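Following: one structure in structure tokens, then a few remarks.
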């Protein structure tokens, strides 16, 4: 992804990871029992499952859009490419929903 997109996804990852993991690390629920370790492991797996699809989508879009492709100098072709790019960016941006703890 571009630097801006990569940075934003990093913040999304941090927020989601903190939301999923913090209940297992703070307060009275924190302990070194096997149950606590299992709950933390499940939280990490939930994080990976929630983020993997969107990260793959952004990486695929980025590779198809930027990797050494030369831009046409023909103006109508540029307009068509920009229009298509806008549609693809909407697809990439959709799909992020902050993780919520029930």
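Scan region 35-48 and tell me whether some residue there is surrounded by fewer than 13 Cβ atoms within 10 Å (Cβ to Cβ), more than 22 Å from residue 9 (Cα to Cα) and modelled with pLDDT under 70.
For region 35-48, residues surrounded by fewer than 13 Cβ atoms within 10 Å (Cβ to Cβ), more than 22 Å from residue 9 (Cα to Cα) and modelled with pLDDT under 70: absent.
State whether the residues of region 71-78 include one that is touching a helix residue (DSSP H, G or I) at 6+ places or on another chain (Cβ under 8 Å), modelled with pLDDT under 85 and more than 26 Å from residue 100 (Cα to Cα).
Yes, region 71-78 contains a residue that is touching a helix residue (DSSP H, G or I) at 6+ places or on another chain (Cβ under 8 Å), modelled with pLDDT under 85 and more than 26 Å from residue 100 (Cα to Cα).
The values are calculated or read from the model by the stated rules, or taken from the named source; none is laboratory data. Computed from a prediction, not measured in an experiment: that's the story for all the values here. So basically every Cβ, Gly included, is an ideal-geometry build from the backbone, and we count neighbours across all protein chains shown.
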